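S.K.: I am attaching a structure below and will ask some questions about it afterwards.
The values are calculated or read from the model by the stated rules, or taken from the named source; none is laboratory data. The structure presented is a predicted model; accordingly, all values stated were derived computationally and were not measured. Cβ coordinates were reconstructed from backbone atoms using ideal geometry, including for glycine residues, and neighbour counts include every protein chain displayed.
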Amino acid sequence: MNRLQLSIVIPAYNEERNLPRTVADLQATLRAEGVPYEFVLVNDNSRDGTERVIGELMQADPCIRTVNRTPPGGFGRAIRSGLDAVTGDVVVIVMADSSDHPSDVVAYYRKICEGFDCVFGSRFIKGAKVVDYPRGKLIVNRIVNKLMQWMFRCPFNDLTNAFKAYRTEVVRECGPYLSCHFNITIEMSLQALIRKYNIAQIPISWTGRTWGSSNLKIREMGRRYLATLLRVYADKVLISDDILAERLAHRTRAENRVDRLESRMQSMSLRMAQLEQRLDAEAGAREAAN
């Protein structure tokens with residue numbers, strides 16, 4: 001049975017000291033678990049040695065590729081560039097600062113292999129573990145997530161976290177994404193949600209960074225989160241029938257392509273069998289003549 005290939009997108013802005021450890025920990029875990037992978041490391045206009053570090057990582061592992069962005073920068077733009085470059089069947093977005101745990105990446109992957117379209121991790125359900133989360137950001141996080149739970153009538157309580165898993169086809173069907181900054185975290189989550197994909201939620205662990213600082217500025221992001229939230233909510237309320245019709249049409253086209261490919265494979269198999277029979281008959285005839 002063919003295994004799904006995992007694509008890990010890691011946006012990096014001035015992460016020269018964090019990135020090697022993050023990648024090494026992921027590599028070790030994925031290899032131990034037998035998960036086929038590729039990394040797409042997105043250098044988002046870094047001013048330190050991030051580009052050099054990525055080059056060294058690529059030399060050591062042919063499964064690592066990179067995207068070097070030009071200005072303007074932004075977390076959302078980096079994620080979008082990384083998503084455009086993936087070739088795997090499953091996409092997981094991972095932070096460069098080792099805040100996300102490799103074991104959770106594997107848990108996401110296994111859950112997708114069970115048949116789910118998306119897996120949303122939560123740091124705030126039973127079984128989750130959070131270390132060194134800044135109190136101010138925690139309060140804002142819980143308020144924003146509770147608001148989204150109420151607006152979208154969903155059980156998912158950590159929608160603002162970028163660390164999630166999606167089938168690549170889901171990412172393609174929900175795009176193109178418009179967010180340029182951290183608001184892409186809720187754009188991706190909510191776009192999948194309103195299209196009624198099969199989504200699982202599992203507990204995950206999170207650890208605060210030990211070097212550097214996050215580029216997330218709550219005051220600056222407020223208007224962007226609000227704009228994305230209202231836009232997706234308007235889609236849900238006003239044009240959900242069109243959105244679901246588009247998803248159904250896309251899925252039907254994909255199924256038709258699969259059916260055509262299977263039909264062609266069967267036809268080729270039949271022709272190969274006929275050719276083998278013909279060759280066997282010709283060989284038998286030559287032997288009889290001799």
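S.K.: Filter the range 87-108 for residues that are touching a helix residue (DSSP H, G or I) at 6+ places or on another chain (Cβ under 8 Å), surrounded by fewer than 22 Cβ atoms within 10 Å (Cβ to Cβ) and more than 18 Å from residue 19 (Cα to Cα) and give the result.
M.R.: 88, 89, 106
S.K.: Sticking with this one: For the condition in the same structural domain as residue 202 (by TED's automatic domain parsing), within 23 Å of residue 90 (Cβ to Cβ), buried (at least 18 other Cβ atoms within 10 Å of the Cβ) and not β-branched (Val, Ile, Thr), what is the one hit in 113, 118?
M.R.: It is 118.
S.K.: Tell me which residues, restricted to the range 146-181, are under 16 Å from the mean Cα position of the chain (by Cα) and of a type in the set (A, V, I, L, M, F, W, C).
M.R.: 159, 162, 163, 165, 170, 171, 174
S.K.: I'd like to verify a number: residues in the range 59-84 that are of a type outside the set (D, E, K, R) and either on the phi > 0 side of the Ramachandran plot or free of Cβ contacts under 8 Å to residues at least 60 places away in the same chain (or both), how many?
M.R.: Residues flagged as of a type outside the set (D, E, K, R) and either on the phi > 0 side of the Ramachandran plot or free of Cβ contacts under 8 Å to residues at least 60 places away in the same chain (or both) within the range 59-84 amount to 12.
S.K.: If you check every pair at least six apart or on different chains, which have Cβ atoms under 6 Å apart with a residue in the range 160-175 that is assigned by TED's automatic domain parsing to the domain that holds residue 109 first and a residue that is of a type in the set (Asp, Glu) and buried (at least 22 other Cβ atoms within 10 Å of the Cβ) second?
M.R.: 163/100
S.K.: Being surrounded by fewer than 23 Cβ atoms within 10 Å (Cβ to Cβ), within 18 Å of residue 79 (Cα to Cα) and either in contact (Cβ under 8 Å) with a residue 40 or more places away in the chain or not aliphatic (A, V, I, L, M) (or both) is true for just one of 56, 38, 33, 15. Which residue is that?
M.R.: 38
S.K.: Just for the range 65-86: of the residues that are over 13 Å from residue 41 (Cβ atoms) and basic (Lys, Arg), which one is surrounded by the fewest Cβ atoms within 10 Å (Cβ to Cβ)?
M.R.: Here the answer is 77.
S.K.: Report, by residue number, each residue of the range 128-151 that is more than 21 Å from residue 194 (Cα to Cα), in a helix (DSSP H, G or I) and touching a residue at least 40 places away in the same chain (Cβ under 8 Å).
M.R.: Within the range 128-151, 136, 137, 140 meet the criteria.
S.K.: Just to confirm my filter: which strands (runs of 3 or more DSSP E) fall fully inside the range 26-109 and include at least 3 residues that are in contact with a strand residue (DSSP E or B) (Cβ under 7 Å, 6 or more places away or on another chain) and of a type in the set (Asp, Glu)? Steps first, please.
M.R.: Values: elements: 37-43, 64-68, 90-93.
Once the strands (runs of 3 or more DSSP E) in the range 26-109 are filtered for at least 3 residues that are in contact with a strand residue (DSSP E or B) (Cβ under 7 Å, 6 or more places away or on another chain) and of a type in the set (Asp, Glu), nothing remains.
S.K.: Among the residues of the range 176-194, are any at pLDDT below 75 and either among the acidic types (Asp, Glu) or surrounded by 13 or more Cβ atoms within 10 Å (Cβ to Cβ) (or both)?
M.R.: No: zero hits.
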